[in-house]
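These notes concern the structure reproduced below.
Derivation of every value follows stated rules applied to the coordinates shown; laboratory data play no part. In this text, all values refer to a predicted model and were calculated from it rather than measured experimentally. Positions of Cβ are generated from backbone atoms using ideal geometry, with glycine treated the same way; all protein chains shown enter the neighbour counts.
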């Protein structure tokens, strides 16, 4: 394994380990993997974030985060009082030159249900262009999502795909991390 993916995994693991919202919370961004074709486009910063290199004036790049099985993400027991799942992203988008899109996807694996068709469904999306631009990091919640109260890890895998888009030299798209947690309010 090359040094760059190892550093990315270490940076996001360190970041995710510092965010504890609930005992069963999982950091979706615990291990980010840069798309192989985009390795030269992304820089890992000292604060644990990933951004497009400042020397590149216009491009896009993808980072994927596998969602790991966690009891707090399962469907609640019958009769239990539990809120839905909330998907958020810590992002940087300073205006028209930048955009960050995070997509939570469910991929059918059909572990015990092999007759089901192979599908990939979008459960939620976050688009930084639908939030006010900012030169500071901000937490943005899903603007488009299916109401879901739990995830089925028996027949499905889950991944968050983050796309950093730099339209011109003025843009500074970045991602600090993504998370999925149970909203118990």
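Residues 75, 65 in ascending order of nearby Cβ atoms (within 10 Å, fewest first): 75, 65. Panel order for 68, 159, by other beta carbons found within 10 Å of each beta carbon, from fewest to most: 68, 159. Residues 161, 36, arranged from fewest to most other Cβ atoms within 10 angstrom of their Cβ, appear as 36, 161. Once divided by 2.2 N^0.38 Å, the Cα radius of gyration of the range 25-170 becomes 1.15.
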